[in-house]
Amino acid sequence: MSDKSGLALRGSGYLLARILDEPNLVAAVQSLPAHALGKLIGQVGLEDAGEIVALVTTEQLKSIFDDDLWRSPSAGKDETFDADRFTLWLEVMLEAGEEFAAAKLAELPEDLVTLAFHKQVLVINVEELAITMSSRASENPDDGDLQLDKVLESALAEELGEYRIIARLHESWDTLFGLLVALDRDHHEFLQRLLERLCALDAEYIEESGGLYEVLTAEESLETDVGAEREDRRAEQGYIAPSSAVAFLTLARTTKLDDIVGADEQDPITRAYFRQLGSGSRAEAKTSAATKGKAFTQATPPTSEASTLLELLRDADVLPTVPTTPLLESQATNSVTPPSAFATALRQLASDAPDLHASRMRELAYLANVLGAGCSLAGRPMRPIEAAPAAVAVCNLGLEHVLANRKKDRSTHLAVTNTPADKLFRIGWNILFHDVVLAAAAATLCLLDQALRGTAKAESTTLGRAAAALRSAVAGGRPWLARRSLAPLRDHLGQATWDAMAALLDECPTLAGVLKSCGERDVTFFATHEHLEAAQGFLAHPSLVP
């Protein structure tokens, strides 16, 4: 058994022991890039990674938090802050001691720490609270503010200087208050700023009976600010916000095809993205983080210790092996399949015009990132290993359309030289939506009508609901949302035909089922007009199982 397979099979406990037993690897943790370190912690499990977390630098922690503390409920939905996950991190950090955890908190962005604590505790100025309650009691001496009194008496709370700290959630109280005490001891000025901000956020709750609404509004504003700062940091690495990715894909679907082909400028989402990265210059944009899902890359060479640790993580399948040209070589196709015209033209650009080639590759990485952040595949977020070949395939589809509609020069090389990859993608994405997804929806509705005519009443009700769900989804411009509702149609089509129809109805349609070519991998993205013709031929004559 090879070392690689042995490490992968022995599990995360053995991997952690290997790292901690070798002093040079322990020293390498602090020089390990944050992305790789986050993968390692995820593989081991945060609860068991205390010894690794104790070695991380604050800069590593900031980058890991940008990935780990934000959750998206589904593809295309913007991430929200996970306060419970942050508390778990604090508990793990406390394994290295209160001094370590408090020091890390004091070095983290203040807005982030404020947001995390605000979701877990209420902070009230004791003197102001006393004045408020005394005033209310004088206005109503028979009753006073008994309700607030009762709440305060029953709550988990402690006083820290001039503030009363009240638990919102009991489970994390000991951890959070213990860290506040440690901050008061070791980082008093930081704690004072933190408590002042928290007190200001919660003051509305005491000042008026409708204060809870005001507090929630203030909390949402703080989370928006912290989220925006995170997005700025991630944008510097090439990430794109899910909402922006969804807007780009929606705009590409809904804009008239002729308008996309005839446009001289970028769409507004892409223009804003590259302007933010490099003052509007594509050539200045930094390498996209979309490539990180397939290969580990870094700006500076690793230390020898870090290189050893990286190799160990690859052997354990924590990090993937680095491919030579991930965006072009990791297409989900059989090695027998010749490279697309778009990929071939890009390789030619590498030798003929290196600067332009670099610009096209950045555009392509951006597109892969857009698909990973904003597009679903089979009802789940698209994986980076799928997003890269999908972006290449859609660009090739757009390129073929551009060449087919040229009256004179049909040079592939010239077309790729003169046409940005994001424009080719928008053309291909528009064609896919109208010629494949909507066409598949129309064909499916016809099949449902046929099935309804030959079924019993109970089943016809189910099929009728499926048809209504599909019509509603089509009206909303998102037919793929009805795919689950269409499952009753499977028995009327047979498995292979159903697989093909369901794949054509997807947000990013693929060739599957009876349309699947022999010998290819699981996912085949539309890349050529031959693929389009195969799908259209199938949709012209779908039939129910006799």
For this session: Name the one entry in R164, R185 that is modelled with pLDDT of 85 or more, in a helix (DSSP H, G or I) and either of a type in the set (G, A, S) or under 30 Å from E98 (Cβ atoms) (or both).
Result: R185
For this session: Could you tell me whether any residue of the range 508-526 is under 32 Å from the mean Cα position of the chain (by Cα), at pLDDT 85 or above and surrounded by fewer than 17 Cβ atoms within 10 Å (Cβ to Cβ)?
Result: no
Problem set entry | Residue match in the range 43-60 (condition: among the polar types (S, T, N, Q), crowded, with 19+ Cβ neighbours inside 10 Å and assigned to a helix (DSSP H, G or I)) | yes
Problem set entry | Members of the range 346-364 found to be surrounded by 24 or more Cβ atoms within 10 Å (Cβ to Cβ) and not charged (D, E, K, R), listed by number | L346, L364
Exercise. Give me the pairs: first residue in the range 478-495 and on the phi > 0 side of the Ramachandran plot, second residue part of a helix (DSSP H, G or I) and not small (G, A, S), beta-carbon distance under 9 Å, and six or more apart or on different chains, which are they?
Worked result: G494/V514
For this session: Would you check if there is a residue in the range 471-484 being touching a Lys or Arg at 6+ places or on another chain (Cβ under 6 Å), modelled with pLDDT of 90 or more and part of a helix (DSSP H, G or I)?
Result: no
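Step by step: first the residues of the range 396-421, then only those that are of a type outside the set (D, E, K, R) and part of a loop (DSSP other than H, G, I, E, B), then the one that is nearest to the chain's Cα centre (by Cα). Which residue is that? Don't jump to the end; show me each part of the working.
Of the residues in the range 396-421, the ones of a type outside the set (D, E, K, R) are 396-399, 401-405, 411-421.
The next check asks that each one be part of a loop (DSSP other than H, G, I, E, B); those that pass are 405, 411, 419-420.
Details: N405: 36, S411: 37, T419: 28, P420: 25 Å.
Of everything passing the filter in the range 396-421, P420 is nearest to the chain's Cα centre (by Cα).
Taking the range 404-424 as the region of interest, how many residues are modelled with pLDDT of 85 or more and surrounded by fewer than 15 Cβ atoms within 10 Å (Cβ to Cβ)? Spell out how you get there, then give the answer.
First, the residues of the range 404-424 that are modelled with pLDDT of 85 or more: 404-405, 411-424.
Now drop any that are not surrounded by fewer than 15 Cβ atoms within 10 Å (Cβ to Cβ), which leaves 404-405, 411, 414, 418.
Qualifying residue count for the region: 5.
So, in the range 162-185, how many residues would count as being exposed (fewer than 15 other Cβ atoms within 10 Å of the Cβ) and in contact with a helix residue (DSSP H, G or I) (Cβ under 9 Å, 6 or more places away or on another chain)?
Filtering the range 162-185 down to residues exposed (fewer than 15 other Cβ atoms within 10 Å of the Cβ) leaves 162, 169-171, 174, 185.
Now narrow it down to the ones that are in contact with a helix residue (DSSP H, G or I) (Cβ under 9 Å, 6 or more places away or on another chain): 162, 169, 171, 185.
Here the count works out to 4.
I need the full set of residues from the range 405-427 which are within 29 Å of E507 (Cβ to Cβ) and touching a residue at least 40 places away in the same chain (Cβ under 8 Å), in order please. Walk me through it before giving the result.
Our first condition is that a residue be within 29 Å of E507 (Cβ to Cβ); within the range 405-427, this holds for 405, 412, 415-416, 419-427.
Passing the criteria: N405, T412, A415, V416, P420, A421, D422, K423, L424, F425, R426, I427.
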Exercise. Which of (1) more than 28 Å from the chain's Cα centre (by Cα); (2) under 19 Å from R85 (Cα atoms) does P23 not meet, given it meets every other one?
Worked result: (2)
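The values are calculated or read from the model by the stated rules, or taken from the named source; none is laboratory data. Note that the structure is predicted; figures quoted are calculated from it, not measured. Here Cβ is always computed from backbone atoms with ideal geometry, including for glycine, and neighbour counts include all displayed protein chains.
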